Structure formats: structure tokens, C-alpha cells
Amino acid sequence: MKREELKKWREATVEEIETKLSELREQAYKLRHQLKIGQLKNFSATTNIKKEIAVLKTIVGEKNGSKKKNKS
């Protein structure tokens with residue numbers, strides 16, 4: 001994920017990020033299925049999707065953590 005894209009996601013709302021996460025999870029499922037049946041040509045695509053999911057989950061965690069700190 002490029003810096004510009006990371007900046008865009010850091011400014012996005014949690015709902016927007018959750019929507020993107022669900023899309024990425026669906027893509028990961030489809031890629032795993034293609035891998036199992038032998039149709040997948042680009043094996044690194046699964047790794048890239050996993051990394052994107054991890055980054056977005058981290059951003060959501062940061063946003064949720066900052067909300068909890070502000071409430072105290």
C-alpha cells in the first residue's frame with residue numbers, strides 16, 4: 001500500500017474502512033478457492049490481500065483506541 005493510499009484510509013471513517021475490509025476478505029476467499037482448484041496464476045496476490053487487511057485492521061484499531069481515550 002502506497003503512502004498516499006494509507007493517508008486516504010487514515011482520513012476515512014471506520015464504516016468506510018469496514019466496507020473495504022469486507023471486500024478484501026471476499027477477494028481473499030475467492031483467491032484461496034482459486035488456489036485450491038489450481039486456477040490461480042499470481043500466488044503473491046493472496047499475500048498482498050492479507051497485508052492490506054492487516055493494515056486496515058490496524059487503522060481501525062487506532063481509530064477505536066483514540067475514541068476510547070477521548071471518552072475518559
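The values are calculated or read from the model by the stated rules, or taken from the named source; none is laboratory data. Note that the coordinates shown come from a computational prediction; the quantities given were computed from them, not determined experimentally. All Cβ positions, even for glycine, are placed from backbone atoms using ideal geometry, and neighbour counts span all protein chains on display.
Taking residues in the range 49-61 that are within 12 Å of L24 (Cα to Cα), and partners anywhere that are part of a helix (DSSP H, G or I) and among the basic types (K, R), the pairs with Cβ atoms closer than 9 Å and at least 6 places apart or on different chains are I49/R25; E52/K20; I53/R25; L56/K20.
Filtered by the rule that a residue be exposed (fewer than 11 other Cβ atoms within 10 Å of the Cβ) and either within 15 Å of E62 (Cβ to Cβ) or under 11 Å from the mean Cα position of the chain (by Cα) (or both), the range 10-22 gives E11, T13, S22. So, K36, is that one surrounded by 10 or more Cβ atoms within 10 Å (Cβ to Cβ) and either touching a Phe, Trp or Tyr at 6+ places or on another chain (Cβ under 9 Å) or not hydroxyl-bearing (S, T, Y) (or both) or not? Against the criterion (surrounded by 10 or more Cβ atoms within 10 Å (Cβ to Cβ) and either touching a Phe, Trp or Tyr at 6+ places or on another chain (Cβ under 9 Å) or not hydroxyl-bearing (S, T, Y) (or both)), K36 does not qualify. Taking the conditions exactly as written (at pLDDT 90 or above, of a type outside the set (F, W, Y), assigned to a helix (DSSP H, G or I) and touching an Asp or Glu at 6+ places or on another chain (Cβ under 8 Å)), does L24 satisfy them or not? Yes, satisfied. Across the range 39-49, the number of residues qualifying as in a helix (DSSP H, G or I) and touching a helix residue (DSSP H, G or I) at 6+ places or on another chain (Cβ under 7 Å) comes to 3.
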